[in-house]
There are 2 protein chains.
Amino acid sequence: MTGEHSSSQYNHDLEAIRSQVLLMGGLVENHFQDAMNCYRTGNSEHAAAVVKSDEEVNRLEVMLDDMCSHLIVKRQPAANDLRTVMATGKVITDLERIGDESTKIARIAQEMASKNRTNAMFSGYETVRVLANSVGQMLHQSLDAFARHDDAKAVQLIAFDEIIDSDFRSIMRNLITFMMEDPATISFALDALWVAKAIERIGDHAKNIAEHTIYIVEGRDIRHSDYVATKQDKQHQGE
Amino acid sequence: MTGEHSSSQYNHDLEAIRSQVLLMGGLVENHFQDAMNCYRTGNSEHAAAVVKSDEEVNRLEVMLDDMCSHLIVKRQPAANDLRTVMATGKVITDLERIGDESTKIARIAQEMASKNRTNAMFSGYETVRVLANSVGQMLHQSLDAFARHDDAKAVQLIAFDEIIDSDFRSIMRNLITFMMEDPATISFALDALWVAKAIERIGDHAKNIAEHTIYIVEGRDIRHSDYVATKQDKQHQGE
């Protein structure tokens with residue numbers, strides 16, 4: 001259906017989109033790190049800047065969605081190529097959502113700063129620090145897997161999300177114990193809980209990006225399937 | 001580019017997708033109501049059935065995504081028509097997420113039942129009942145607006161989401177007070193908080209469906225814009 005010329009134009013357009021998506025990915029990674037820094041330092045001006053910078057992420061989402069639509073209309077890709085464009089569109093949505101979750105963290109930092117609350121007795125940041133590092137790495141690696149079409153890495157990342165979820169539950173249990181022992185810290189502890197929840201959701205979105213990568217590379221929709229468990233068994237058996 | 005014949009086939013295929021999306025919407029509405037009933041009654045068997053029924057929602061998501069891709073490849077829609085297909089794809093994603101949030105509520109109900117916890121002193125359900133009713137109506141109306149291409153209704157729904165968010169924050173403040181007064185109820189109150197959060201997110205997804213509806217009807221991407229505020233001003237001025 002599409003000649004050599006049209007196909008090479010398709011590839012050219014797709015590469016332009018992919019490089020913009022990776023740019024957006026880098027922006028979103030920084031956005032998350034910046035938000036966590038605000039939560040650590042309680043610097044309200046910095047937090048306001050992080051909240052504001054989400055607008056750029058939103059602008060990129062709308063622009064990239066538009067680029068995907070244009071590509072489809074102009075190049076009329078065949079089923080295989082369309083799959084890639086559609087999955088890339090879903091990666092864009094996940095990146096925008098990661099921006100939203102980071103913004104929530106920055107807003108919590110901002111609110112804490114405005115109430116001039118100090119964390120002398122209880123550091124919410126320390127409670128979530130390890131989780132935030134794990135998820136930061138997971139996000140970076142999911143973008144890497146997307147960039148390199150690395151489906152094996154993507155499989156590992158999807159499995160890793162279960163560790164994140166279990167770490168999140170353990171933070172939650174600790175915070176409940178903490179609140180029960182000293183009700184005066186309830187308000188702090190809840191802030192930490194919302195931050196932990198936002199981090200855990202960023203992990204979910206990184207997992208989604210890994211799933212979309214597998215869809216792009218292998219052409220399988222593995223959402224809601226036991227694909228990863230099966231694949232991991234095979235990797236362990238030295239497939 | 002597309003002749004009369006091809007265009008009527010496009011319309012036929014699109015209608016098939018739309019009716020399936022509305023079917024999925026009805027399923028998701030019931031799913032949410034069922035999950036809330038479980039949270040009210042604490043019936044663990046019922047809750048397990050609700051968790052299980054999310055599989056059907058997931059299956060529909062994958063199937064409908066596939067139908068959208070096929071439609072694009074087979075009918076090669078022009079820009080206008082493609083916009084509708086893409087936005088319909090986003091509605092499908094939001095419906096699946098609503099299913100996920102309802103499943104979370106059912107899981108909380110299940111966990112409470114398994115711990116044989118009674119709510120003699122504190123009814124989490126009563127705390128969130130009004131919010132759940134508002135969001136249930138909002139979801140129903142957003143599907144209605146999508147079905148009828150009713151962009152005026154969609155504008156109202158987007159504005160209504162702010163009331164939902166404010167109601168959610170007020171529930172959160174009440175729960176914090178409650179926990180501080182009686183730390184023994186912290187664990188219950190946190191369950192109620194997660195349920196309230198899930199309901200609030202269902203409201204967000206209903207708002208997204210309204211935004212996609214406006215995109216389908218008017219061809220404008222109003223995400224991240226002040227479109228609604230402007231439109232409401234005009235409605236008040238009797239546009």
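Residue-level check: of (1) touching a Ser or Thr at 6+ places or on another chain (Cβ under 9 Å); (2) away from chain B (no Cβ under 13 Å); (3) buried (at least 19 other Cβ atoms within 10 Å of the Cβ); (4) modelled with pLDDT of 95 or more, residue A:33 misses just (3). In segment A:163-185, which residue that is more than 14 Å from residue B:187 (Cβ to Cβ) and more than 11 Å from every other protein chain (Cβ to nearest Cβ) is surrounded by the fewest Cβ atoms within 10 Å (Cβ to Cβ)? So the residue we want is A:166.
Report whether or not residue B:149 is of a type outside the set (Ser, Thr, Tyr), at pLDDT 95 or above and touching an Asp or Glu at 6+ places or on another chain (Cβ under 7 Å). Here the answer is no, as residue B:149 does not meet what is asked. Of everything in segment B:186-239 that's closer than 19 Å to residue B:34 by Cα and charged (D, E, K, R), which residue is surrounded by the most Cβ atoms within 10 Å (Cβ to Cβ)? Of everything passing the filter in segment B:186-239, B:200 is surrounded by the most Cβ atoms within 10 Å (Cβ to Cβ). Here residue B:134 meets the list (1) within 30 Å of residue A:92 (Cα to Cα); (2) small (Gly, Ala, Ser); (3) more than 10 Å from chain A (Cβ to nearest Cβ) almost entirely, failing just condition (1). If you go through segment B:203-221 and keep only what is within 24 Å of residue B:29 (Cβ to Cβ) and either within 14 Å of chain A (Cβ to nearest Cβ) or not small (Gly, Ala, Ser) (or both), you end up with B:204, B:205, B:207, B:208, B:209, B:211, B:212, B:213, B:214, B:215, B:216, B:217.
Contact map, segment A:100-116: first residue closer than 14 Å to residue A:55 by Cα, second residue of a type in the set (D, E, K, R) and in a helix (DSSP H, G or I), Cβ cut-off under 6 Å, separation 6 or more or different chains; pairs are A:101/A:201; A:103/A:54. Cβ-Cβ contacts under 8 Å between residues 6 or more apart (or on different chains), taken from a first residue in segment A:158-170 that is closer than 20 Å to residue A:144 by Cα to a second residue that is among the acidic types (Asp, Glu), are listed as A:158/A:211; A:161/A:204; A:164/A:200. Taken together, the residues in segment A:103-116 that are in contact with a Phe, Trp or Tyr (Cβ under 8 Å, 6 or more places away or on another chain) and either within 12 Å of another protein chain (Cβ to nearest Cβ) or under 18 Å from residue B:70 (Cβ atoms) (or both) amount to 1. If you check residue A:19 against the conditions, is it farther than 19 Å from residue A:147 by Cβ and either more than 12 Å from every other protein chain (Cβ to nearest Cβ) or among the acidic types (Asp, Glu) (or both)? So residue A:19 does not fit the description; no.
Among the residues of segment B:55-102, those that are among the hydroxyl-bearing types (Ser, Thr, Tyr) and within 12 Å of chain A (Cβ to nearest Cβ) comprise B:69, B:84, B:93.
For every residue, the table says whether it meets (1) under 18 Å from the mean Cα position of the chain (by Cα); (2) buried (at least 19 other Cβ atoms within 10 Å of the Cβ); (3) more than 22 Å from residue A:202 (Cβ to Cβ); (4) among the small types (Gly, Ala, Ser).
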position	(1), (2), (3), (4)
A:47	no, yes, no, yes
A:55	yes, no, no, no
A:58	yes, no, no, no
A:98	yes, yes, no, no
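Quick one: is residue A:74 surrounded by fewer than 21 Cβ atoms within 10 Å (Cβ to Cβ) and within 23 Å of the chain's Cα centre (by Cα)? When the stated conditions are applied, residue A:74 does not pass them. The residues of segment A:66-75 that are within 23 Å of residue A:214 (Cα to Cα) and either modelled with pLDDT under 95 or among the aliphatic types (A, V, I, L, M) (or both), listed by number, are A:67, A:69, A:71, A:72. Restricting attention to segment B:60-114, the residues that are of a type in the set (Ser, Thr, Tyr) and touching a Leu at 6+ places or on another chain (Cβ under 8 Å) add up to 3.
The values are calculated or read from the model by the stated rules, or taken from the named source; none is laboratory data. Computed from a predicted model, the values in this text were never measured in an experiment. Reconstructed Cβ throughout: ideal geometry from the backbone, glycine too, with neighbour counts over all protein chains shown.
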